[in-house]
Amino acid sequence: MDKEKLIKKLKKQGYLKSKKVVDAMIEVPREIFIPDEQKKYAYYDMPLEIGYGQTISAPHMVAIMLEALQLKENSKVLEIGTGTGYHAAMVAKISSKGHVYTIERIKELAEKAKKNFKKLGIKNVTVVTGDGSLGLPQYAPYTHIYATCSAPDVPPALIKQLSLNGRLLIPVGRVYGELILIEKNYRIKKKSLGGCAFVPMIGRGGYK
Ligand code: SAM
């Protein structure tokens, strides 16, 4: 499978819809974010191991989340769970006049992600090492927050760090959970976008 075929398949399946998300997927080379022994699978639609018991998300899941976030060119985004940086790199491309803050609890992965952003010349991303289960209050509020690890419930701290009219996307439930979308207006609107499987969010607002 090559990138062109994967994108065609994701469009046909209805996961890829908007030009900006398609362009980001075309622009960002997934193989950069994958260890050498796995690179041959870079354009298969599946999660792959990135070391430390963690994974790079499957392209269809990245597409679902990017479409649901409805990012703008100048969005200010928080990602919880950087991994090696694939998803954040695409967000950085879409929100090229905005900024992405991304937090990863495993130091080695955070370091890899920093190197990957540098390699690709991506400058609008700040990588923080630490527990992001209660968000990253020092840079809040964010127009968009999303987690790529699964929490026991939606941490209220994340809703607090979301700006008015902001969108929050978070998998909830251990291993097999539901992808929850929160829209913050004068009231909080919550809906499920369907089932999903993610590694657990480990930390104060996550699993112990
Ligand atoms: N965004 C990544 C990508 O594009 O491939 C996905 C990485 S993986 C599915 C989820 C990541 O969340 C793991 O690297 C894991 O270490 C991290 N993680 C788990 N709990 C966390 C927490 N409380 N704070 C920050 N990162 C966390």
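The values are calculated or read from the model by the stated rules, or taken from the named source; none is laboratory data. Everything numeric here is computed off the predicted structure, so don't read it as measured data. No Cβ is skipped: glycine too gets one built from the backbone with ideal geometry, and neighbour counts run over all protein chains shown. In case anyone asks, the SASA skips ligands and DNA or RNA and just uses the protein heavy atoms, side chains included. Shrake-Rupley method; radii C 1.70, N 1.55, O 1.52, S 1.80 Å.
For residue 72 and residue 41, a Förster radius of 30 Å and the Cβ-Cβ distance give a FRET efficiency of 0.40, rounded to the nearest 0.05.
In nm, what is the difference between 0.36 nm times the number of residues separating residue 160 and residue 197 and their Cα-Cα distance?
Going from the current span to full extension adds 10.8 nm.
Between the amide H of residue 82 and those of 103, 104, 105, distances stay under 5 Å, these residues lying 5 or more places away or on another chain, with hydrogens modeled in the peptide plane.
Of all DSSP-defined beta bridges confined to the chain, some 45% are antiparallel rather than parallel. Label-to-label distance for residue 208 and residue 138 is 2.8 nm, based on points extended 7 Å past Cα in the beta-carbon direction. Normalised by residue count, segment 21-134 yields a Cα convex hull volume of 95 Å³ per residue.
Taking θ as phi - 60° and the Karplus parameters 6.51, -1.76 and 1.60, the scalar couplings of segment 195-204 work out to x, 7, 10, 9, 5, x, 7, 9, x, 4 Hz in sequence order, x denoting glycine and proline.
In this structure the amide hydrogen of residue 76, modeled in the peptide plane, comes within under 5 Å of the amide hydrogens of 99, 143, 144, none closer than 5 places in sequence on its chain.
For segment 56-208, the average shadow cast by the Cα convex hull is 7.8 nm², which is a quarter of the hull's surface. For residue 49 and residue 17, FRET efficiency with R0 = 22 Å and r from the beta-carbon atoms, rounded to 0.05? The computed FRET efficiency comes out at 0.15.
Take the solvent-accessible surface of the protein heavy atoms, probe 1.4 Å, and return the percent of it on the chain that carbon and sulfur atoms account for. It would help to have the intermediate numbers written out before the result.
On the way: 5340 of 10060 Å².
For the chain, the apolar C and S fraction of the accessible surface comes to 53 percent.
In a solvent-free Debye calculation with one equal scatterer on each Cα, what is log10 I(q)/I(0) for segment 13-76 at q = 0.18, 0.20, 0.24 Å⁻¹, listed in the order of the q values? Here log10 of I(q) over I(0) equals -0.71, -0.84, -1.07. Per residue, the chain exposes 48 Å² of accessible surface when a 1.4 Å probe is rolled over the protein heavy atoms with every protein chain present.
For segment 3-197, the dipole from Cβ point charges (+1 on Lys and Arg, -1 on Asp and Glu) about the Cα centre works out to 660 debye, to the nearest 20. Binning the C-alpha pair distances of segment 80-132 at 5 Å intervals from 0 yields a P(r) profile of 5, 25, 35, 23, 10, 2 %, listed from the shortest bin outward.
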